[in-house]
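Read the structure below first, then the notes.
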Ligand code: DSN
């Protein structure tokens, strides 16, 4: 069991952790336990990050109390003049950060942002084109288990068998044949850059809206490490807590033409009151992402992902598509004869957290899978560089291959974490 890290300030647990310990020791122990878990292991979940103490200070604030249905200056409650300032700052900072004409910062999550975007652009039964979940898409891109697959006529596209890249010829062909009202691009397990200009051309050819869900790479785009989708898409949705390193939540960017539609879709169509403490925390994160240091962070995330992927490849763990251009890699484990689920368990035993993931054309179901997904947003935030990521790659390979060696891997993990512990310094 850990101790409260006074040296790191109160932001890690909230404004008064001592009070929480006295009032609710059980939950206080959960908070301590989670910080210990983060500090005791290497986090390679591609969609997670360590948000800053300043973001957490905004989250643990009185702004959580305020009802503010509506938008700044147009609320359905009194007393919103102070929280209005937070939302105006968040909107302005998001617009500047991404060079967008309009921003809505109220979506509670990336999934809620997608729901609102669809509500703004589609009617139930309309046709949309999106990347299939088993090829790296997302539940909200038309899975039958999700509202998107039930309410819309979804035409899925995928990656080619040979090079495992998005088949843009197939996308164009499907678009010409099915005439979708909306084309969605973006993914959760696709390691390569997406060619938004080509998607724009296809959308224009068939008169469709183009939506980019950049939940995963939003921080890389904000930091200039990879090309942005904003100049090409009519609507860009994203989660604020992944590579962007903000609070858990979502946001939408769009053209001025769609601003009113998007705003009405978020509220009152999809959501009620916004979480104003989260909106304030998003504003903090957008300002942090605009700093030159964040551009360096975004570049290092990509360099680290490349180093990790190459190290895994050398160990005979095949990266899908042959490598990565982003913060994540998808690793096909069939060559080493271990399922994704088993690899996830073996890595956990060695102090490395990652997730099993289907690979394209995977013969195994999602509960088992033939692959794992790894990502570098967390390890980069805690200061690791390419040298460390090469070692992490060989530790992952060793943990997957040799469960009996978990203890030795864990020792090396601890040695790395002794130097690179999360939440030890301000950033
Ligand atoms: N759960 C997210 C991810 O891990 O990619 C997607 O919503």
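Tabulated values for the structure
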| read-out | value |
| --- | --- |
| Coarse-grained scattering of segment 271-427 at q = 0.15, 0.17 Å⁻¹, given as base-10 log I(q)/I(0) from a Debye sum over alpha-carbon atoms | -0.83, -0.98 |
| Most fluctuating residue given options 232, 76, 297, as computed from a GNM of the chain linking Cα atoms under 10 Å | 76 |
| For the chain, built as a Gaussian network whose Cα springs stay under 10 Å, the top-fluctuating residue of 101, 388, 411 | 411 |
| Net length gained if the chain between residue 76 and residue 139 were fully extended (0.36 nm per residue, minus Cα distance) | 19.4 nm |
| Base-10 log of normalised Debye intensity for the chain (one unit scatterer per alpha-carbon) at q = 0.08, 0.14 Å⁻¹ | -0.45, -1.33 |
| Inter-probe distance in nm under a simple model that places probes 7 Å from Cα toward Cβ, at residue 269 and residue 387 | 5.3 |
| Beta bridges by DSSP in the chain, antiparallel share as percent, to the nearest 5 | 55 |
| Spacing of the two label points (7 Å from each Cα toward its C-beta) at residue 361 and residue 169, in nm | 1.5 |
| Residue order, fewest to most beta carbons within 10 Å, for 267, 238 | 267, 238 |
| Likely footprinting exposure, 34, 48, 170, 164, fewest C-beta neighbours within 10 Å first | 34, 170, 48, 164 |
| Residue 204/residue 349 FRET efficiency (R0 60 Å; Cβ-Cβ; nearest 0.05) | 0.70 |
| Within a Gaussian network of the chain (alpha carbon springs, distance under 10 Å), most fluctuating of 255, 326, 51 | 255 |
| Principal axes of segment 65-208: Cα extent on each, largest first, Å | 57, 31, 27 |
| Estimated FRET transfer efficiency when R0 is 35 angstrom, pair residue 421-residue 85 (beta carbons, to 0.05) | 0.50 |
| Ranked list, fewest to most other Cβ atoms within 10 Å of each Cβ, for 183, 45, 252 | 45, 183, 252 |
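Read-outs throughout are calculated quantities, based only on the coordinates presented, and are distinct from any laboratory measurement. All of these numbers come straight from a predicted model, not from anything done at the bench. Don't worry about glycine lacking a Cβ; one is built from the backbone with ideal geometry, like all the others, and counts go over all protein chains shown.
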